[in-house]
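Structure, as structure tokens:
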Amino acid sequence: MSHAPAPVFRFAPSPTGLIHVGNARTALLNALLARRGGGTFILRFDDTDAARSRTEFADAISADLAWLGIPPDRVEHQSARLPLYAAAAERLKAAGRLYPAYETEAELDLKRGLQRARGLPPVYDRAALALTAEDRARLEAEGRAPHWRFKLDQRVVTWVDGVRGPQQVDTTSLSDPVLVRADGTYLYTLPSVVDDLDMGVTDVVRGEDHVTNTAVQIELIAALGGVAPRFAHHNLLTLPNGEGLSKRLGHLSLTALRAAGQEPLAVAALSVLVGTSEAVVPVESLQALAEKIDLARISRAPARFDPDDLPALTARTLHHMPFAAAEPRLVAAGVTGGEAFWSAIRGNLETFADAAPWWAVCSAALTPAIDPADTAFLASVAEVLPPEPWDASTYKAWIAQAKTVGGRSGKALFHPIRLALTGRENGPELANLLPLMGRARVLARLNGASA
Ligand code: GLU
């Protein structure tokens, strides 16, 4: 019997800004599919661009993934792996697949302009391949340092994309890509391929802006003697006006959504499910969200992400949140009311931060502001408070009596009681709050005393 090897997925952000919900979509798809398949989720920082990469962004990305609930199983930094890329570049040179070119940007621009004027696609003409050793020596004597291009096979590259189905790209239509700049730094392609091979990545799930790169990468993998991973390119998220999300512009950063009190599970559900044939619904856990992922059901069209949908989804996520999920966060917030408290209040939360004030209502002193017109009424209903122990049925029994002794019904009955007991106009069912407050506190508050 043969077993498929455990899958290895990776999320490979450049730490050049705060990540946004579109990046979260990529990270979550990779992390949750890895988890579902019993595999590994690698966080790989594509930080070879030393000028733009910053440690604080890498730290923020790690914190964002932890907040989403998908801490990586392994973390790698490309900046620490440069010798591997150098070795791969040498192998490609030895195999005649990486060649030096000396054109300046201005010269390349000029070539492209001429090609366009003749109605030709602006593909690099491989002039550098014709250079002799003497030509190169002369150019270098002029002070030109070469950049290095990968010699494409110029063939039709095919793969079956997990989202988009069978794909083909004719690499004749592409310029030989520059892998190494004149200053010796690497563009994204070579380090990415070297790492995917070295780390045994089996599945690459990323945005569809990388579809064309994939053909180049498949050729490069073959040139390095490796086996291509499975590729899946998901649609990109846009703002409601169709504008693409930008890390640079700070659109919908996870850090900002977190500061605004949005629930990580709501952000996760929205960023994974929007633009698929699944409805965007609150989920109970990341595992439940993982079960809903089907790459083949991701739409090919861009997915509009409306940030205004998030507060409602956050609220609904809280309304369904099991106590076990809430408990550590309640404890961290000093809320010790246990499951009875959570069940009583979760349906009234807009953000998690609303929980602690409700706990204060149940357990800390509150001075009721009682309308003088209600003083006698509240004192009379206080007289008929049942003896303890109290449970969820206490309130109903008490109200039945309160109606009679107080001579009121409807709003005139309920509103002053709620206001005296909680200090608020609205809130969770009093039937559930009463046992949490206890008789002494309720009695005092009905009589206008601070308790
Ligand atoms: N650093 C690349 C990016 O953020 C990674 C792309 C990939 O997943 O290969 O777009």
Check G275 against each of (1) within 16 Å of the ligand (Cβ to nearest atom); (2) in contact (Cβ under 8 Å) with a residue 24 or more places away in the chain and name the one condition it does not meet. (1)
Contacts under 8 angstrom Cβ, first residue in region 33-60 being free of Cβ contacts under 8 Å to residues at least 12 places away in the same chain, partner away from the ligand (no atom under 12 Å from the Cβ), 6 or more apart: none
Which pairs have Cβ atoms under 7 Å, sit 6 or more apart or on different chains, and link a residue in region 386-401 that is under 19 Å from P428 (Cα atoms) and in contact (Cβ under 8 Å) with a residue 12 or more places away in the chain to one that is assigned to a loop (DSSP other than H, G, I, E, B) and open to solvent by less than 70 Å² (accessible area, probe 1.4 Å)? T394/P386; W398/V384; W398/L385; W398/P386
For K111, all conditions in the list (1) at pLDDT below 95; (2) open to solvent by 10 Å² or more (accessible area, probe 1.4 Å) hold save one; what is the number of the exception? (1)
When you scan region 191-225, how many residues do you find that are open to solvent by 10 Å² or more (accessible area, probe 1.4 Å), β-branched (V, I, T) and part of a strand (DSSP E or B)? 0
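If I ask for residues that are open to solvent by less than 60 Å² (accessible area, probe 1.4 Å) and away from the ligand (no atom under 15 Å from the Cβ), which ones from region 39-59 would you list?
Across region 39-59, the qualifying residues are G39, T40.
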Number of the condition not met by I417 [criteria: (1) modelled with pLDDT of 95 or more; (2) surrounded by fewer than 13 Cβ atoms within 10 Å (Cβ to Cβ)]: (2)
Would you be able to tell me the number of residues in region 128-152 that are closer than 11 Å to Y102 by Cα and within 37 Å of the chain's Cα centre (by Cα)? 3
Within region 5-31, track down each residue that is more than 10 Å from the ligand (Cβ to nearest atom), farther than 17 Å from M199 by Cα and open to solvent by 20 Å² or more (accessible area, probe 1.4 Å). L18
If a residue has to be within 19 Å of E383 (Cβ to Cβ), of a type in the set (A, V, I, L, M) and open to solvent by less than 60 Å² (accessible area, probe 1.4 Å) to count, how many in region 420-442 make the cut? 6
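Filter region 241-259 down to residues that are open to solvent by 60 Å² or more (accessible area, probe 1.4 Å) and in contact (Cβ under 8 Å) with a residue 12 or more places away in the chain and give me whichever is nearest to P71 (Cα to Cα). Quick ask: steps written out before the conclusion?
Of the residues in region 241-259, the ones open to solvent by 60 Å² or more (accessible area, probe 1.4 Å) are 241, 243, 248-249, 258-259.
If we keep only those that are in contact (Cβ under 8 Å) with a residue 12 or more places away in the chain too, we end up with 248, 258.
Values: R248: 24, R258: 16 Å.
Residue satisfying both the conditions and the ranking: R258.
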What pairs come up if the first residue lies in region 359-383 and is farther than 26 Å from W342 by Cβ, the second is open to solvent by 50 Å² or more (accessible area, probe 1.4 Å) and assigned to a helix (DSSP H, G or I), and their beta carbons are under 7 Å apart, counting only those six or more places apart or on different chains? S380/V405; V381/V405; A382/L443; E383/V405
Options R155, R164; residue that is under 36 Å from the mean Cα position of the chain (by Cα) and of a type in the set (K, R): R164
Out of (1) open to solvent by 10 Å² or more (accessible area, probe 1.4 Å); (2) within 16 Å of the ligand (Cβ to nearest atom); (3) of a type in the set (G, A, S), the one A86 does not meet is (2)
Run down T172, T132 and say which single residue is among the polar types (S, T, N, Q), loosely packed, with under 13 Cβ neighbours inside 10 Å and in contact with a strand residue (DSSP E or B) (Cβ under 9 Å, 6 or more places away or on another chain). T172
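The values are calculated or read from the model by the stated rules, or taken from the named source; none is laboratory data. The model shown is predicted, which means the values in this text are computed figures rather than measured ones. Heads up, the Cβs are rebuilt from the backbone with ideal geometry, glycines too, and the neighbour counts pull from every protein chain shown. To get the accessible areas, we keep the full protein, side chains included, count just its heavy atoms, and leave off ligands, DNA and RNA. Shrake-Rupley method; radii C 1.70, N 1.55, O 1.52, S 1.80 Å.
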